Amino acid sequence: MPPSLKRQLLIWLLVPLLVIMPIAAIVQYRLTLLPAKLEIDHQLGDFAIAIASFIKVNGNKIRFEMSPETEHLLRTDQIDSEFFLVIDPNKQVLAGDSKLNTVEEEVAVGELRYVDKRIDGRRMRMLIYGAACGQSACQVRIAETLLKRDRLHYQALIATLLSILALSLTTVGVMLIAVRHALRPLQDLRAQLADRSLDDLRPVDAPKIASEVQPLVTTLNQLFGRLNEANEAQKAFIADAAHQLRTPLTALQTESELALLEPHPESMHATLERLRYSASRSAKLANQLLTIARTDPNLQTKTDFAPVNLKDIGIWAANEWSHQAIVAGIDLGFELTPAVISGQAALLQELLSNLIHNSIEHAGSGATVTIRTYSIAGASILEVEDNGSGIIEEERPKVLQRFFRGRNAKGNGSGLGLAIVNEIARIHGAKITLSEPDNGKGLLVRLSFPAVQ
């Protein structure tokens, strides 16, 4: 399976996104958490400075004077438990919680040092502040449990994940829309080419195509131009050759028939019959080739069309083919009701002539051939039914191709009759189906034309 351009674009866009988003999540998490943690630490610092203001120095005496009400107010916190301890320069406890009296490094006056410790079995954040006590420094230690910090970590994590998730989903959605929008001109180009027939070699019209793809479109148009020139040359050759051959072949056929009517040696009769047969077959082939050249879809336009009643085409065929059917021993019947379409009468006469000729030639003497025209459900129908040997089901799509003859084919056909019918049907927008009649024997060719509104 060829690689998908859309899949490759999405892979090149999404794989870097899978790498970038975790990194962005970590950075956002840290940037969200850091200011909040600093703010909590600043609050501890303010707490320590406030407690230090209650240290009184009188000469060599150092006292700590704080009322119980003030101490209660400073210890009040809705989430964490607050502890403090004041130590003089001689390591003597002046006030506070003795559980904070752990061995710590000295701090200078005004210095703030934060440490994480496990005190009394609980994780705590402790601040050691150097408060001025005369010429020395007292230590003010403030500690609190980590509930606010743990909650802050959780909230920052949830906020980061939600924001990154929203950003990722939005980015992926925008990528999908962008890729789809960018590839839409290519899809339009593919649809434009897919809807074309094999004979439609007009340049591709893609005004909204991206500049990167424009060279491909230009190359396609150049290829179509060369193919169109070759196709036109081929059709012109077929038309010229068929036209040039038709007159001498018709004359040869006429002369051979006259020669058979004139007195001639018995030994020459078989030779003259073969000559007449070959001339007749060659003349018919030349006429069919000329018909194919005339039915070029690129040369047909809607302005060439006019309202045509299929019933009138059937009446014309009755006058044209009744004698030949009688000579061939064919019971040729007509069931004609009005069925108006838009088309070219000459081409429709050629279509019906080929169908009748095929039925007469392949059904054989004693067969019945019926032509029907009718309208149903917004469509005009032309049917040709015979009770001959029919066409094998797997061969039915192939007989619409040029020069293909089924294994049950009879007569001197060249495999162009149904191909011409198919071309004319395609020009008129008709759908052609080959099937068995209701009695299960023979062939039913049905053409469904769009009815004139």
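None of the figures in this text is laboratory data; all of them are computed from the coordinates on show. Please read these numbers as outputs of a predicted model, since none were measured by experiment. Cβ placement follows ideal geometry from the backbone for every residue including glycine, while neighbour counts extend to all protein chains displayed.
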Taking only the Cα positions of segment 62-194, the convex hull volume per residue in Å³ is 178 Å³
Given 254-263, 160-169, 122-131, the highest-first ranking by average Cβ count within 10 Å works out to 122-131, 160-169, 254-263
Stretched fully, the stretch from S163 through R63 gains (0.36 nm per residue minus C-alpha distance, one decimal, in nm) 30.7 nm
If amide H atoms are modeled at 1.01 Å from N in the peptide plane, then the residues at a separation of 5 or more from L332, or on another chain, having amide H under 5 Å from its own are V369
For segment 337-351, in residue order, the Karplus 3J(HN,Hα) values (coefficients 6.51, -1.76, 1.60; θ = phi - 60°; whole Hz; Gly and Pro = x) are 10, x, 7, 8, 9, 9, x, 10, 4, 5, 5, 5, 5, 4, 4
Here the Cα Rg-to-2.2 N^0.38 Å ratio for segment 318-405 is 1.15
Given 364-370, 351-357, the highest-first ranking by average Cβ count within 10 Å works out to 351-357, 364-370
Rounded to the nearest 0.05, FRET efficiency between A451 and L18 (Cβ-Cβ, R0 41 Å) equals 0.10
In whole Hz, the Karplus estimates of ³J(HN,Hα) for segment 79-95 (6.51, -1.76, 1.60; θ = phi - 60°; x where Gly or Pro) are 10, 9, 8, 10, 9, 8, 8, 10, 10, 7, x, 8, 6, 8, 6, 8, 5
